[in-house]
Amino acid sequence: MMHPKSFRKLIVDNAVGMLWSQWVNLGAWSRAEQRVNSFSDPESAIAFSSYFCKYEKRLDKISLDWSKVNLQYINHSRLKRLRKTVTDHIELPDDFYEVQAATTSSKYITEPNAKDMANLLVRLRLLFGSTTRADVIFHLLTKGSANSNQIATYRFLNQKAVLLELEKLAKAGVLVERRSSRERLFSAQRQFAKFFEFEIQPISSPWFLLASLLMLEGCLTDELIDDEYLVFSTFMDNKRKLSDYLQKAGECNLTLEGSTADEFYENVTEYYTCLCPVCESIHAR
């Protein structure tokens, strides 16, 4: 069984590595020894850099500079929701910045390459704007058919706004709608989907980072870390949320069940480690 201190270090290293890879994909000047196999996500990178900069100070500076230079690629309503998700777990400074356009360019920040397969969302935002519409299409292309509630929950969007976009896109023939007595499922029309070539990325950066944040702030704090009984108990107290976050982060052929606190903790460490190979050996320079 992994010791809580070792697990905390693993979480910090991989969460910071995830964010470095996100910023490199999005056009920040930096080198990463290995890219994380995850689609870039501007709002996720901004929101979680505001927390993980406590472990790597440069993240906050890169986040602010990128946001100013590439303001047009930010979905502000989604960013607000992701920031709220972060502040539900940890208090941020009162002066946490509002994103505004820069008057000058930065030699360390470039525009993201929309042709890069990892930047599928950026490409969609060039075509459809940095709105709910682009995020809805992104979800249906990468995750398959879904209803409005599933998309809104997974993508941190407003459910009514998602449904409105789904209905518009279905009327335009971009989406196919299938109704049942219980729900309305939407999927991307085949001919439309053919315009977008990409590789399926196994890790969802916002859910991976959210799971990491919850464990660091809720289960592996300095006050608990030296007492395994308290650590295991706190993991068990957060069982429902942790299981949900980790399963949304990525699929592993492992269970997240556990009838005892130490058993659940061990299952969580194994599941998280299963997600981590794509994050190994990432060091920004």
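State which residue is nearest to L19 (Cα to Cα) when the search covers only segment 239-259 and only residues that are at pLDDT below 95 and among the polar types (S, T, N, Q). Going through the qualifying residues, I end up with N253. When segment 216-241 is filtered for residues that are crowded, with 16+ Cβ neighbours inside 10 Å, over 24 Å from the mean Cα position of the chain (by Cα) and within 11 Å of K5 (Cα to Cα), the ones remaining, listed by number, are L224, I225, V231.
Residue pairs whose Cβ atoms lie under 6 Å apart, sitting 6 or more positions apart in sequence or on different chains, and linking a residue in segment 205-224 that is farther than 27 Å from N25 by Cα to a partner that is among the aromatic types (F, W, Y), are C219/F235. When you check K57 against the structure, is it at pLDDT 95 or above and open to solvent by 10 Å² or more (accessible area, probe 1.4 Å), yes or no? Judged against the criteria, K57 is not a match.
Is it the case that D41 is without any contact (Cβ under 8 Å) to a residue 60 or more places away in the chain and in contact with a helix residue (DSSP H, G or I) (Cβ under 7 Å, 6 or more places away or on another chain)?
No; evaluated as a whole, the condition is false for this residue.
Residue-level check: of (1) within 14 Å of F198 (Cα to Cα); (2) open to solvent by 30 Å² or more (accessible area, probe 1.4 Å); (3) modelled with pLDDT of 95 or more, L140 misses just (2).
Scanning segment 60-95 for residues that are over 20 Å from Y154 (Cβ atoms), among the hydrophobic types (A, V, I, L, M, F, W, C) and surrounded by fewer than 24 Cβ atoms within 10 Å (Cβ to Cβ) yields a total of 5.
Among the residues making up segment 159-169, those that are out of contact with any Leu (no Cβ under 7 Å at 6 or more places or on another chain) and either surrounded by 15 or more Cβ atoms within 10 Å (Cβ to Cβ) or at pLDDT below 95 (or both) are A161, V162, L163, L164, E165, E167. Here V268 passes the criteria (1) touching a Phe, Trp or Tyr at 6+ places or on another chain (Cβ under 9 Å); (2) surrounded by fewer than 18 Cβ atoms within 10 Å (Cβ to Cβ) except the one numbered (2).
S130 passes every criterion in (1) closer than 23 Å to N70 by Cβ; (2) not in a loop (DSSP other than H, G, I, E, B) apart from (2).
Among the helices (runs of 4 or more DSSP H) contained in segment 1-75, which hold 1 or more residues that are more than 15 Å from the chain's Cα centre (by Cα) and more than 24 Å from P202 (Cα to Cα)?
Values: elements: 4-26, 42-52, 58-69.
Correct list: 4-26, 58-69.
Hey, among F198, F156, which residue is surrounded by 14 or more Cβ atoms within 10 Å (Cβ to Cβ), on the phi > 0 side of the Ramachandran plot, hydrophobic (A, V, I, L, M, F, W, C) and within 22 Å of the chain's Cα centre (by Cα)? Spell out the reasoning first.
On the way: F198 fails: on the phi > 0 side of the Ramachandran plot.
Of F198, F156, the one residue that is surrounded by 14 or more Cβ atoms within 10 Å (Cβ to Cβ), on the phi > 0 side of the Ramachandran plot, hydrophobic (A, V, I, L, M, F, W, C) and within 22 Å of the chain's Cα centre (by Cα) is F156.
If you take the residues in segment 242-259 that are charged (D, E, K, R) and open to solvent by less than 70 Å² (accessible area, probe 1.4 Å), which one is nearest to the chain's Cα centre (by Cα)? By that ranking, first place goes to K248.
The values are calculated or read from the model by the stated rules, or taken from the named source; none is laboratory data. The structure presented is a predicted model; accordingly, all values stated were derived computationally and were not measured. A quick note on method: Cβ atoms are made from the backbone with ideal geometry, for glycine too, and the neighbour counts reach across all protein chains shown. The accessibility values were calculated without ligands, DNA or RNA, using every heavy atom of the protein model including side chains. Shrake-Rupley method; radii C 1.70, N 1.55, O 1.52, S 1.80 Å.
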